[in-house]
1. Can you name the strands (runs of 3 or more DSSP E) wholly within the stretch 259-335 that have at least 2 residues being in contact with a Leu (Cβ under 6 Å, 6 or more places away or on another chain)?
2. Does any residue in the stretch 22-46 that is in the same structural domain as Trp232 (by TED's automatic domain parsing) and more than 24 Å from Lys361 (Cβ to Cβ) come within less than 9 Å, Cβ to Cβ, of a residue that is open to solvent by less than 30 Å² (accessible area, probe 1.4 Å) and among the polar types (S, T, N, Q) six or more places away or on a different chain, and which pairs are these?
3. Before we move on, is Ile198 within 16 Å of the ligand (Cβ to nearest atom), in the same structural domain as Ser297 (by TED's automatic domain parsing) and assigned to a loop (DSSP other than H, G, I, E, B)?
4. Could you say whether any residue in the stretch 47-54 is surrounded by 17 or more Cβ atoms within 10 Å (Cβ to Cβ), over 27 Å from Ala358 (Cα atoms) and either within 16 Å of the ligand (Cβ to nearest atom) or small (Gly, Ala, Ser) (or both)?
5. With (1) among the hydrophobic types (A, V, I, L, M, F, W, C); (2) open to solvent by 30 Å² or more (accessible area, probe 1.4 Å); (3) more than 16 Å from the ligand (Cβ to nearest atom) as the list, and Phe163 as the residue in question, which single condition is left unmet?
6. Hey, does the stretch 87-98 have a residue that's over 30 Å from Lys290 (Cα atoms) and away from the ligand (no atom under 16 Å from the Cβ)?
7. Let me spell it out: the conditions are (1) more than 16 Å from the ligand (Cβ to nearest atom); (2) over 30 Å from Arg320 (Cα atoms); (3) open to solvent by 40 Å² or more (accessible area, probe 1.4 Å); (4) under 34 Å from the mean Cα position of the chain (by Cα), and Glu131 meets all of them except one. Which number is the exception?
8. Could you please find all residues in the stretch 2-21 being hydrophobic (A, V, I, L, M, F, W, C) and either in a helix (DSSP H, G or I) or outside the structural domain of Lys186 (by TED's automatic domain parsing) (or both)?
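The values are calculated or read from the model by the stated rules, or taken from the named source; none is laboratory data. All of these numbers come straight from a predicted model, not from anything done at the bench. Virtual Cβ from ideal backbone geometry, glycine too; neighbours counted across all protein chains shown. Only protein heavy atoms, including side chains, enter the accessible area calculation; ligands, DNA and RNA are left aside. Shrake-Rupley method; radii C 1.70, N 1.55, O 1.52, S 1.80 Å.
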Amino acid sequence: MEKIVGLAKRRGFVFPGSDIYGGIGSTYDYGPLGVLLKNNIRTAWWKAMTQERDDVVGLDSAILMSPKVWEASGHLAGFSDPLVDCKNCKKRWRADHLLEAKSAEMAGLREAPVEMKDVRCPACGGELGEERQFNMMMKTFLGPVEEAAAVVYLRPETAQGIFVNFKNAQESARKRVPFGIAQVGKSFRNEITPGNFIFRTREFEQMEMEFFVKPGTDEEWFESWKQFMMDWFTRFGVKADNLRFLEHAKEKLSHYSKRTVDLEYQYPWGWGELWGCANRTDFDLKQHEKHSGQDLSYRDDLTNERYHPYVIEPALGLDRAMLVFMLDAYEEIDGGRSTTTDAVKDIETVLRFHPAIAPIKAAIFPLSKKEPLTGIAHELRNRLARRWSVQYDETGSVGKRYRRQDEIGTPFCITVDFQTVGEEGVPGDDKVTVRDRDTMLQERVAISELESYLAAKLGC
Ligand SMILES: [Zn+2]
């Protein structure tokens, strides 16, 4: 994990937020390569959802919504964590986490269940204060007056923007149930214990899809979306061995959920949540109907049946997905693997990104810093850049340049050399050397065919 965090900062994937001011709790900024990687993951998800399928449409709703939305959804009353403060060192803790830890510690040592009064501050051993509920929604004010009537919340999930637009989207897109609405956007949760780099942050980007189905078909659809989640990650290169499903126990389900299954990933600290799938039933539509007074039922125009659709929700965090793609692609090769003679034999790092996910698709190197090699290389860069994100690099040995690109996961490196342009009396062959990141095989490809060659190999 430390290696990923170090690489992420050094190569411009992820920087600590407000870095020059010493950072601000668990916020991160995405650098030049990070923004490309994030865009590619978002695009891969969006395409698989809304372009390849004809039963899912897109939406982009506002972050600020009527406070009534959060009243209806249950977030105002229920979206909270129980907290306790240490009276001595003032540290703040999640009461339920402390209780769980203490219970585990005392297991088998005594009969009576552990209570909060048995627990002391894990940091200093001090006495803990009264337990109270802390709502995780972030508050701000709409308009110039800071008063109670102007309070709005930064959305804690994108899902509610979808539910309140159910009728708008269904009618305008002329969709019949079953169909889904997908949305990508920022959400905010004032987590007490964020952590593990970009795994859990207070400001994060969600990729959520609410799939509306006829009650009674919900369990079947649940299975199908569960499979979609697994297929999507493996399709883009994440190893199936590092993925598994975890069924949530009935008694631990959220208030709206009939069933929840997590697709889990094997993180460096153990298995953890990656992509959750929940059967939200008709809870949200019925709540919004009650609170808004608007009819949110659906009428099947073929059978004339009227009902409130059930909702299957696969909800994925984009930042967390990015962490998983980086962790899974990361490989260290001890002793190096470069075939070039001047390469230093030490540990080499390769990010084996799927071509669709890789931030840079190809890098172009002139063998020397002189014309006409640099001119041809620049021209190539400009031509390929109309289609893909590519890089030009003329500094250092070719071996060093390969390693620079391997480290950021670039699938192909293209070298313009003296054979390309020819030398005294020897005509050039107008070909370049294309080197494959994973096989390290090198092929001579005609410049005129380079674009179609790359398109076929990249598949994008
Ligand atoms: Zn303390």
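1. Values: elements: 259-267, 270-281, 310-317, 330-333.
Result: 259-267, 270-281.
2. Partner pairs satisfying both residue conditions: Ser26/Thr201; Thr27/Thr201; Tyr28/Thr201.
3. Values: within 16 Å of the ligand (Cβ to nearest atom): no; in the same structural domain as Ser297 (by TED's automatic domain parsing): yes; assigned to a loop (DSSP other than H, G, I, E, B): yes.
Here the answer is no, as Ile198 does not meet what is asked.
4. Residues of the stretch 47-54 that are surrounded by 17 or more Cβ atoms within 10 Å (Cβ to Cβ), as a first pass: 48-50.
Next, only the ones that are over 27 Å from Ala358 (Cα atoms) stay: none.
No, that holds for no residue.
5. (2)
6. Filtering the stretch 87-98 for residues over 30 Å from Lys290 (Cα atoms) gives 87-98.
After this cut, where a residue has to be away from the ligand (no atom under 16 Å from the Cβ) as well, the list is 96.
Yes.
7. (1)
8. Passing the criteria: Ile4, Val5, Leu7, Ala8, Ile20.
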